[in-house]
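Single-structure report; data block below.
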Amino acid sequence: MTTTELTVPQAGAKGTPDGRGSGRRRVLGAGKQLHAGPVTYVVLTVFALVSLAPLVWTAVAASRNNERLAQTPPPLWFGGNLFKNLQAAWDQAGLGTAMVNSTIVAGTITVGTVVFSTLAGFAFAKLRFRFSGLLLLLTIGTMMIPPQLAVVPLYLWMSDLGWSNQLQTVILPTLVSAFGTFFMRQYLLQALPTELIEAARVDGASSLRVVWHVVFPAARPAMAVLGLLTFVMAWNDFLWPIIALNQQNPTVQVALNSLGTGYVPDQAVIMAGALLGTLPLLIAFLLFGKQIVGGIMQGAIKG
């Protein structure tokens, strides 16, 4: 294995201020990997099991019937009613339309938030303009305002626009994120050298070309993380969609709300609906999780 010699001068070494002594050598193994011990694997296994427990219990409950779920002790293994309950939840909640609507809403919000937050973050991080500090402070300050305070004026505004029970009512208010802007600004401060932007300007690149060929590639790891967080938040959002939409044009969370009605709600069907609503998020993470984690590691190495 190749080695690298690292000379660490001491206080009494030759060439130091006092001019005495000799250097001390340390030999470091290049490319040496750290190996986790058994305690690490035990801790990670416990955390994984605890994290998976709610999802597994949802699947177990979705495969049983309402009578069995009411018994003590509760069931700890899968039953034979899973596909029956999934079909019942799909039909009762109208999840076909809801899945399409949630995909449109979450996808549009994610793209808009990532693009606009990256542009705004780049402006706050690298561009010089008047009142930039004040504008950034106001942007961060909006995160301290509870979103519930904006529900009534936002609903009145959307009603005046004639957008009641339409998807743009849910999409428009969340196309830009104060958290996303601050997140991208902090990332670009370290990941994007000012010299790189100046070199692109010297080469005659326009502002649009600088953003497309310099800013976006440098911000790709943070954009992937922000996109994942935004998609999950938009998919799971319930407060504003339940106010702005109805059961004829719902998102997934609004549609699942209809499963809890009735004198005796069917808990097994409700769990089946929750499982169906969670599956797209799991599929998205399985498909893009490797790229997202790789982007995070790439950004950490560059930083």
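Screening the range 218-255 for residues that are closer than 24 Å to Asp91 by Cβ and open to solvent by less than 30 Å² (accessible area, probe 1.4 Å) and picking the one that is nearest to the chain's Cα centre (by Cα) gives Trp235. In the range 153-172, which residues are open to solvent by less than 50 Å² (accessible area, probe 1.4 Å) and assigned to a helix (DSSP H, G or I)? Passing the criteria: Leu154, Met158, Ser159, Leu167, Thr169, Val170, Ile171. Against the test of being in contact (Cβ under 8 Å) with a residue 40 or more places away in the chain and within 23 Å of the chain's Cα centre (by Cα), the options Thr194, Thr174 yield a single qualifying residue, Thr174.
Quick check on the range 194-216. Is at least one of its residues closer than 24 Å to Thr97 by Cα and either surrounded by 18 or more Cβ atoms within 10 Å (Cβ to Cβ) or touching an Asp or Glu at 6+ places or on another chain (Cβ under 7 Å) (or both)? Scanning the range 194-216, I find no residue that is closer than 24 Å to Thr97 by Cα and either surrounded by 18 or more Cβ atoms within 10 Å (Cβ to Cβ) or touching an Asp or Glu at 6+ places or on another chain (Cβ under 7 Å) (or both), so the answer is no.
Would you point out which residue out of Asn85, Asn66 is over 19 Å from Leu282 (Cα atoms), crowded, with 18+ Cβ neighbours inside 10 Å and either among the charged types (D, E, K, R) or more than 27 Å from the chain's Cα centre (by Cα) (or both)? Outline the logic, then answer.
On the way: Asn66 fails: crowded, with 18+ Cβ neighbours inside 10 Å.
Every option except Asn85 fails the conditions.
Taking the criterion of being in contact (Cβ under 8 Å) with a residue 60 or more places away in the chain and more than 22 Å from Val232 (Cα to Cα), the residues of the range 123-162 that qualify are Phe124, Ala125, Lys126, Leu154, Tyr155, Met158.
Just checking, does the range 269-279 include any residue being modelled with pLDDT under 85, of a type in the set (A, V, I, L, M, F, W, C) and out of contact with any Pro (no Cβ under 8 Å at 6 or more places or on another chain)?
No: the range 269-279 contains no residue that is modelled with pLDDT under 85, of a type in the set (A, V, I, L, M, F, W, C) and out of contact with any Pro (no Cβ under 8 Å at 6 or more places or on another chain).
Applying the selection to the range 96-152, what residues are crowded, with 17+ Cβ neighbours inside 10 Å, closer than 27 Å to Leu208 by Cβ and small (Gly, Ala, Ser)? Answer for the range 96-152, where residues must be crowded, with 17+ Cβ neighbours inside 10 Å, closer than 27 Å to Leu208 by Cβ and small (Gly, Ala, Ser): Gly112, Ser117, Ala120, Gly121, Ala123, Ala125.
Quick one: is Leu192 modelled with pLDDT under 90 and within 28 Å of Leu245 (Cα to Cα)?
Numbers: modelled with pLDDT under 90: yes; within 28 Å of Leu245 (Cα to Cα): no.
So Leu192 fails the test.
The set of residues in the range 242-270 being over 20 Å from Gln166 (Cβ atoms), β-branched (Val, Ile, Thr) and assigned to a loop (DSSP other than H, G, I, E, B) consists of Thr261, Val264.
Across the range 178-190, a minimum of one residue is classified as surrounded by 13 or more Cβ atoms within 10 Å (Cβ to Cβ) and small (Gly, Ala, Ser). Pairing each residue of the range 252-278 that is over 14 Å from Thr97 (Cβ atoms) with any residue that is among the hydrophobic types (A, V, I, L, M, F, W, C) and part of a loop (DSSP other than H, G, I, E, B), provided the two are 6+ apart or on different chains, yields C-beta distances under 9 Å for Asn257/Phe238; Gln267/Ala70.
The values are calculated or read from the model by the stated rules, or taken from the named source; none is laboratory data. Every value quoted in this text rests on a predicted model; they were computed, and no experiment measured them. Note that each Cβ is placed from the backbone with ideal geometry, even for glycine, and that neighbours are counted across all protein chains shown. Each accessible area value is taken on the protein alone, full model and side chains, heavy atoms only, with ligands, DNA and RNA left out. Shrake-Rupley method; radii C 1.70, N 1.55, O 1.52, S 1.80 Å.
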